[in-house]
Amino acid sequence: MATKKIRLAAALSLTLTSSLLLSGCSSDNAAIEKCEKMVTARLRSPASAKFSGIKIHKDDAKNFNIEGSVDSQNGFGALIRSSFSCYVTDGDKVDLYSFY
């Protein structure tokens, strides 16, 4: 019983710490999510998408350049890695200017 309470307290502490660390990055996270959505829409098997190596560069407070890789299945079921670059402006407009 005591072990369960300790685990619950540790999980709650980790959740609160993660929330505090990410709270300052909400616009970064929103930009990344929009870019990933744009990339996912171009994939043959969107459900198999696994993103990695995400790098974000801020031009200013509202403009982001996002680069990364995505692993997804092609039409034959083989896992293929593709690289992408997106430019998110004013938090609304997303331009996918490279996907290979």
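The values are calculated or read from the model by the stated rules, or taken from the named source; none is laboratory data. Here the structure is a predicted model, which is why all the values come from computation and not from measurement.
Just to be sure, is K5 at pLDDT below 95, in a loop (DSSP other than H, G, I, E, B) and of a type outside the set (A, V, I, L, M)? Please lay out each step first, then the result.
On the way: at pLDDT below 95: yes; in a loop (DSSP other than H, G, I, E, B): no; of a type outside the set (A, V, I, L, M): yes.
Spelling it out, it is not the case that K5 is at pLDDT below 95, in a loop (DSSP other than H, G, I, E, B) and of a type outside the set (A, V, I, L, M).
So for the range 37-51 (the condition being part of a strand (DSSP E or B) and within 13 Å of the chain's Cα centre (by Cα)), does at least one residue qualify? Reasoning before the result, please.
Kept after step one, since they are part of a strand (DSSP E or B), are these residues of the range 37-51: 50-51.
Next cut, within 13 Å of the chain's Cα centre (by Cα) only: 50-51.
The answer is yes, given that some residue of the range 37-51 is part of a strand (DSSP E or B) and within 13 Å of the chain's Cα centre (by Cα).
Would you mind finding the one in L96, L79, L43 that is modelled with pLDDT under 95 and of a type in the set (A, V, I, L, M)?
On the way: L79 fails: modelled with pLDDT under 95; L43 fails: modelled with pLDDT under 95.
The match here is L96.
One residue is enough: does the range 61-70 have a residue meeting the conditions among the charged types (D, E, K, R) and modelled with pLDDT of 95 or more?
Looking only at the range 61-70, we keep the residues that are among the charged types (D, E, K, R), and these are 62, 67.
Restricting the remaining residues to those that are modelled with pLDDT of 95 or more gives 67.
The answer is yes, given that some residue of the range 61-70 is among the charged types (D, E, K, R) and modelled with pLDDT of 95 or more.
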